[in-house]
Amino acid sequence: MSSYVFPVQTAFLIFVFAAMFLLVPWLIYGYRKDGFFSWSRFGISFSFIFYILAAYCLVILPFPTTRDTCAQQAADTIYYNLVPFTFVKDIMKETPIVWTQPSSYIGMIQGRAFLQVLFNVLLLMPLGVYIRYFFQRRAFWKYALLGGFGLSLFFEITQITGFYGYYNCPYRLFDVDDLLLNTSGAVIGFFTAPILLALFPSRASIQAKSEQIVEQNRVYTMPQLLALIIDGVVVVFLSNLISIFTASDVISDVLSTSIAMVIVLFFIPWVRNGVTPGSAILRFRYVNRQTGTPTSESLFKRFAALYVPWLLVTIIRLVNDYAFSGHQDVMLQPYQMWISLGTFGIYMLVYAVLFVHVLIVLFSRGKRSFYFDEVSRTRASRK
């Protein structure tokens, strides 16, 4: 069992690292495609990535301890088996079966040869399930056949080439039986998939919900938050770009960020009919709740509601930095500890309030809006 645990653990670590980079792009893609975040589709898609990584790691790991694998093998070592159904002979040879004695069947099932066959069938069964989910119709079973054979062939080539030539001799066997069993597993998974997929929303139901959301002109709070995060990234980039042409001091940095926020959060949506860089990516805009169109007054109030908390936190940070700077102001020295505690308390209070507010809005199921939309009387619109 330990020989399987290590490859799966390795695949999981690779998956977590890859997911950090794929999460936001995938959320954006999913929202642009469906008009909402389908967490079931998200889970299925990311589980598919993990499955492929796990299957690949199970095939190639563990690696040999040296690249000179030829030195660890006999000169007459055979690296391939091209005779189909050799696994039947292996099972019968390892655990002879007496057909009139059912107890001998248990020994066969527990034998290494049988378990190896079972593993090869199970390895690509999930692939058939995923193919059935992605293509839905039963007529696409040929995709499972070709996909299972292609992926199994890729695994076998990886093995026969010694991990694409990295090792001077193959460290695992190229086996035609693996091709047969892996491909059979993918096809079996395809035809048994409806049993498992009944637990998840179908693609047709997701499409119907998407059309309903578009018709109702609804934009959920999660994509609005994601759009705001993207706007924040653009602000940071633009601020760094502006700082190249300004002096390198605290005041200049504050001014650079302020200018960037004005451009991204007010000027761009004012010029582009309520569309910020983030909302453009997620295909919606900000409009006045009463008129249904963006107005300069509402857009400026929204900008101000976002700018003031940032400015407050920045001022608190500057006061704290000044109190502990190298100036050693005699008047401030007795109060440095209290200034530090006070600024830290206000700093944490602001972030705590914002964090709780975001959580309340996200879990309100659309019944609440973000404070900056309430202040400015704006809402997100897909039209």
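The values are calculated or read from the model by the stated rules, or taken from the named source; none is laboratory data. Only a predicted model underlies this, so the values are computations on that prediction, with no experimental measurement involved. Heads up, the Cβs are rebuilt from the backbone with ideal geometry, glycines too, and the neighbour counts pull from every protein chain shown. These area figures cover heavy atoms from the full protein model, side chains too; ligands, DNA and RNA do not enter into them. Shrake-Rupley method; radii C 1.70, N 1.55, O 1.52, S 1.80 Å.
Hey, what number do you get for the chain at 222 nm if only DSSP H runs of n ≥ 4 count, each worth -39500 (n - 2.57), divided across all residues, to the nearest 500?
One gets -22500 deg cm²/dmol as the mean residue ellipticity at 222 nm.
Given 37 °C and 0.692 mPa s, how large is the Stokes-Einstein diffusion coefficient of the stretch 105-170 in µm²/s, with Rh as the Kirkwood radius over Cα pairs?
234
Cross-link candidates for Lys33: which lysines have Cα within less than 26 Å, leaving aside residues fewer than 8 places away along the same chain?
Lys209, Lys367, Lys383
Could you please state how large a percent of the accessible area of the stretch 145-268 is carbon and sulfur, counting protein chains only and using a 1.4 Å probe?
C and S atoms contribute 74 percent here.
Quick one: Cα centre-to-centre distance for the stretch 84-116 and the stretch 1-76, in angstrom?
32
Less than 13 Å from a label point 7 Å out along the Cα-to-Cβ axis of Phe140: which backbone N atoms in the stretch 86-128 qualify, by residue?
128
What does the accessible area of Lys142 come to, in Å² to the nearest 10, when a probe of 1.4 Å is used?
That residue has around 110 Å² of solvent-accessible surface.
Report, largest value first, the span of the C-alpha coordinates of the chain along each principal axis, in whole Å.
Between the extreme Cα coordinates on each principal axis of the chain lie 93, 57, 40 Å.
For Asp249 paired with Ala304, estimate the spin-label separation in nm (one decimal), with each label point 7 Å from Cα along the Cα-to-Cβ line.
3.0
Taking the Cα-to-Cβ direction at Gln212 and at Ser296 and moving 7 Å from each Cα, how far apart do the two end points lie in nm?
The two pseudo-label positions are separated by 4.2 nm.
Need one word for the stretch 47-119: rounded, prolate or oblate. Basis is the Cα gyration tensor (sqrt eigenvalues a ≥ b ≥ c); a/c below 1.5 gives rounded, then a/b vs b/c decides.
Judged from the Cα gyration tensor, the stretch 47-119 comes out oblate (a/c at least 1.5, b/c at or above a/b).
How large is the translational diffusion coefficient of the stretch 17-57 in µm² per second when you combine the Kirkwood radius over alpha carbon pairs with Stokes-Einstein at 10 °C and 1.306 mPa s?
In µm²/s, the coefficient rounds to 147.
Residues with beta-carbon under 11 Å from that of Thr293, excluding Thr293: net charge, scoring Lys, Arg +1 and Asp, Glu -1?
With Lys, Arg at +1 and Asp, Glu at -1, the neighbours total +3.
Heavy atoms only, probe 1.4 Å: what % of the accessible area of the stretch 27-91 goes to carbon and sulfur, would you let me know?
Carbon plus sulfur share of accessible area: 68 percent.
Give me the net charge for the shell around Tyr171: Cβ to Cβ below 12 angstrom, other residues only, Lys and Arg +1, Asp and Glu -1.
So the surrounding residues net to +1.
At a probe size of 1.4 Å, how large is the accessible area of Ile251, to the nearest 10 Å²?
110
Would you mind working out the accessible area per residue for the chain, using a 1.4 Å probe, and quoting it in Å²?
59
Please give the net charge around Leu82, taking every other residue with its beta carbon less than 13 angstrom from that of Leu82, where Lys and Arg add +1 and Asp and Glu add -1.
-4
Answer rounded, prolate or oblate for the stretch 99-216, using the Cα gyration tensor with square roots of eigenvalues a ≥ b ≥ c: rounded when a/c is under 1.5, else prolate when a/b is larger than b/c, else oblate.
It is oblate, given that a/c is not under 1.5 and a/b is not larger than b/c.
As a test question: what accessible area, to the nearest 10 Å², does Arg137 have when a 1.4 Å probe is rolled over all protein chains in place?
Number for this one is 150 Å².
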